[in-house]
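What follows is one structure encoded as structure tokens, with my remarks underneath.
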Amino acid sequence: MPSDHPIFALSERMVDDAAQAFPTLATYLGIGGHDHRWDDFSPAGHDAARRLLERYRDEVAELPEADDEWDRLAVLVASSFVDEEIERYANDDHLRDLDSLASTAQDIRQVFDHMDTKSAEGWEAIATRLNDLPEAMAGYRASLEAGRLKGLAVAKRQVEKVIEQSRTHAGDESAFVALGTAARDADLPAELISSIDTGITASQAAYGEFADYLEAVYLPH
């Protein structure tokens with residue numbers, strides 16, 4: 001018999017709010033309805049995310065005591081998740097989110113590998129995300145810059161590798177170019193193809209500018 005403990009309704013809300021606050025994560029998790037959007041990667045966006053997590057931490061703490069072992073486990077999972085994420089913010093990890101394998105620098109490009117390319121609606125979401133990528137990258141860069149100004153620059157070898165990756169994303173061998181080829185093979189309307197092409201050009205330029213920033217401003221620190 002399903003449990004009626006309020007942790008389960010709260011957990012459902014947490015997932016919905018997380019998908020709303022972190023659209024990139026929603027795409028990776030296969031949660032629909034957010035593929036056309038980006039997270040707010042700026043310091044202000046991170047502050048809003050931290051406040052959301054703190055609110056949920058308080059709500060989990062106020063839940064009635066769980067008698068069933070599965071209810072207790074659900075409470076533990078929820079509280080562990082929010083505590084871990086809040087700790088990341090307390091440690092300023094969001095201001096030094098840069099490495100060669102698993103940081104926002106990679107997520108912004110790789111999220112397109114997880115998007116729907118089987119329907120026109122999926123390609124429309126891709127086009128929107130491509131065209132809005134420069135704004136997402138600007139917010140991300142603002143957070144890294146806030147970290148740099150606090151003396152939180154990451155290791156030189158990591159920065160150099162991300163510069164190399166970003167130059168690739170900005171160049172002729174970019175996965176963005178391959179995405180444009182796939183769009184043409186999908187027999188899409190000309191207007192949508194044009195929007196995708198415009199977004200690809202903007203995305204490549206954004207990664208090129210990001211590489212310039214890392215090389216000229218961030219790397220010396």
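The values are calculated or read from the model by the stated rules, or taken from the named source; none is laboratory data. The structure displayed is predicted, hence computed values, not measured ones. Note: ideal-geometry Cβ built from the backbone for every residue, glycine included; neighbour counts use all protein chains shown. The area values use the complete protein model at the heavy-atom level, side chains included, leaving out ligands, DNA and RNA. Shrake-Rupley method; radii C 1.70, N 1.55, O 1.52, S 1.80 Å.
Miscellaneous remarks
- Looking across segment 112-141, the residues that are out of contact with any Phe, Trp or Tyr (no Cβ under 7 Å at 6 or more places or on another chain), over 18 Å from GLU215 (Cα atoms), part of a helix (DSSP H, G or I) and of a type in the set (A, V, I, L, M, F, W, C) come down to PHE112, ALA120, TRP123, ALA125, ALA127, LEU130, LEU133.
- Residue match in segment 52-74 (condition: under 15 Å from the mean Cα position of the chain (by Cα) and not aliphatic (A, V, I, L, M)): no
- Filtering segment 34-71 to residues that are farther than 22 Å from ALA146 by Cα, surrounded by fewer than 14 Cβ atoms within 10 Å (Cβ to Cβ) and without any contact (Cβ under 8 Å) to a residue 24 or more places away in the chain leaves ARG55, ASP58, ALA61, GLU62, GLU65, ASP67, GLU69.
- Residues of segment 35-63 that turn out to be farther than 20 Å from ASP97 by Cβ and assigned to a loop (DSSP other than H, G, I, E, B), as a count: 4
- Odd one out for ALA125 among (1) closer than 28 Å to ILE31 by Cβ; (2) open to solvent by less than 10 Å² (accessible area, probe 1.4 Å); (3) not acidic (Asp, Glu): (2)
- In segment 72-95, the residues that are surrounded by 12 or more Cβ atoms within 10 Å (Cβ to Cβ) and not in a helix (DSSP H, G or I): ASP92
- Restricting attention to segment 1-30 and to residues that are part of a helix (DSSP H, G or I) and over 20 Å from the mean Cα position of the chain (by Cα), the residue that is nearest to ARG129 (Cα to Cα) turns out to be GLU12.
- Scan of segment 129-152 for residues that are over 23 Å from GLN110 (Cα atoms) and aliphatic (A, V, I, L, M), ordered by number: ALA146, LEU149, LEU152
- Residue in segment 96-110 that is over 15 Å from THR24 (Cβ atoms), aliphatic (A, V, I, L, M) and under 17 Å from the mean Cα position of the chain (by Cα) present: yes
- Single match in ALA205, ALA146, ALA142, ALA120 (criterion: touching a Leu at 6+ places or on another chain (Cβ under 6 Å) and open to solvent by less than 60 Å² (accessible area, probe 1.4 Å)): ALA146
- Qualifying positions in segment 164-194 - of a type in the set (Ser, Thr, Tyr) and part of a helix (DSSP H, G or I): SER166, THR168, THR181, SER194
- If you go through segment 149-163 and keep only what is part of a helix (DSSP H, G or I) and surrounded by fewer than 15 Cβ atoms within 10 Å (Cβ to Cβ), you end up with LEU149, LYS156, ARG157, GLU160.
- Segment 1-33, subset open to solvent by less than 30 Å² (accessible area, probe 1.4 Å) and of a type in the set (Gly, Ala, Ser), residue farthest from VAL82 (Cα to Cα): ALA26
- Search result, residues across segment 164-187 that are surrounded by fewer than 20 Cβ atoms within 10 Å (Cβ to Cβ) and touching a residue at least 40 places away in the same chain (Cβ under 8 Å): GLN165, ARG167, ALA175, ALA182, ALA186
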